[in-house]
């Protein structure tokens, strides 16, 4: 069975859901009209707090978390099938991917709820999501780079390089954001833009793996082992 659609849905579902939610939120005056990637006018969370956009936001984010669990499980098998011998990296990648999915669920389920305890849960959930997803993507990219180096024909080299550059850009922007937060009081005026761009990079990495899975011919088969006995009617 061809599972190339999994990374495609995992990347596009939240991207479409969040941007549709933003348009609705701006239309109803819940957030300002702007280009959030540059203007830093609103956070991602803000476009999913009020009704009716909150329904679309949750309807896209929570299923995305489920697809992410499937995506990371299949990614482990994909790398093993390609011939990756970095067993520990692969195992940790899977665990981090699953943790990121759980963090995303923790975040989305209490979005819009009022109270300090819900704010803490949102902060914990979103922090787990960003950190675990990024590290898992680095572990995937590292394994893929090693495989392409030893077997150049396994997937197009440009795809492996693009995945690596996405990780590098994410790391640089993340460090820049942390540095500005630590040393400059005005960081709060631009941190929302960093959030939008960093989230886009995480989604872009998943989207590019669609082409890697497709070009490598990744397929999955379901089998049942054990003795099969013929059914006899009484």
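For a paramagnetic label modelled at 7 Å from the Cα of residue 55 toward its Cβ, which residues of region 25-47 fall within the zone defined by backbone nitrogen distances under 16 Å?
25, 28
Tell me the label only: which of (i) 13.2; (ii) 18.0; (iii) 17.2 is mean projected area of the Cα convex hull in nm² as calculated from this structure?
Read-out from the structure maps to (ii).
Please build a GNM for the chain, connecting alpha carbons under 10 Å apart, and tell me which residue among 136, 59, 108 fluctuates the most.
59
Run the numbers on region 5-216 and let me know its relative contact order in percent, using alpha-carbon pairs under 8 Å that are six or more apart. Can you show the working numbers first?
Numbers: 269 pairs, mean separation 57.2, N = 212.
Across region 5-216, relative contact order equals 27 percent.
On C-alpha positions alone, give me the angle between the axis of helix 87-109 and the longest principal axis of the chain, in degrees, nearest 10.
40
In nanometres, what is the gap between the two model label sites at residue 131 and residue 176, each 7 Å from Cα along Cα-to-Cβ?
Going by the 7 Å Cα→Cβ label model, 2.3 nm.
Give the shape of region 3-93 as rounded, prolate or oblate, defined through the alpha-carbon gyration tensor: a ≥ b ≥ c are the square roots of its eigenvalues, a/c under 1.5 means rounded, and otherwise the shape is prolate if a/b is larger than b/c and oblate if not. Working shown, then result.
On the way: a/c = 3.47, a/b = 2.62, b/c = 1.32.
Prolate.
Give me the angle, in degrees from 0 to 90, between the Cα long axis of helix 5-27 and the longest principal axis of the Cα atoms of the chain, rounded to the nearest 10.
Here the helix axis deviates by roughly 20 degrees.
At a 10 angstrom cut-off on C-beta neighbours, averaged per residue, how do the peptides 60-72, 191-203 rank from highest to lowest?
Ranking the peptides 60-72, 191-203 by packing returns 60-72, 191-203.
Note the angle between two axes, namely the Cα long axis of helix 157-183 and the longest principal axis of the Cα atoms of the chain, as a number of degrees from 0 to 90, rounded to the nearest 10.
Long axis of 157-183 versus the principal axis of the chain: about 30 degrees.
Going by average Cβ density within 10 Å per residue, which order do the peptides 208-218, 156-166 take, highest to lowest? If you can, show how the numbers build up before the last one.
Working: 208-218: 19.1, 156-166: 16.8.
Packing order, densest peptide first, comes out as 208-218, 156-166.
Let me check against my output: what whole-number percent is the relative contact order of region 1-77, with C-alpha pairs under 8 Å and at least 6 apart? Provide the component values of the computation, followed by the final result.
On the way: 68 pairs, mean separation 29.6, N = 77.
So the answer I get is 38 percent.
Highest first, please rank the peptides 172-180, 97-105 by the mean number of other Cβ atoms sitting within 10 Å of their residues. Provide the component values of the computation, followed by the final result.
Details: 172-180: 13.3, 97-105: 21.1.
With the highest mean Cβ count within 10 Å placed first, the list reads 97-105, 172-180.
How high is the FRET efficiency between residue 220 and residue 86 when r is their beta carbon distance and R₀ equals 35 Å, given to the nearest 0.05?
Numbers: r = 21 Å, r/R0 = 0.59.
Result of the calculation: an efficiency of 0.95.
Where a number appears in this text, it was derived from the coordinates with a stated rule and is not lab data. Everything quoted here is computed from the prediction, not taken from an experiment. Counting neighbours? That spans all protein chains shown, and the Cβs are built from the backbone with ideal geometry, glycine included.
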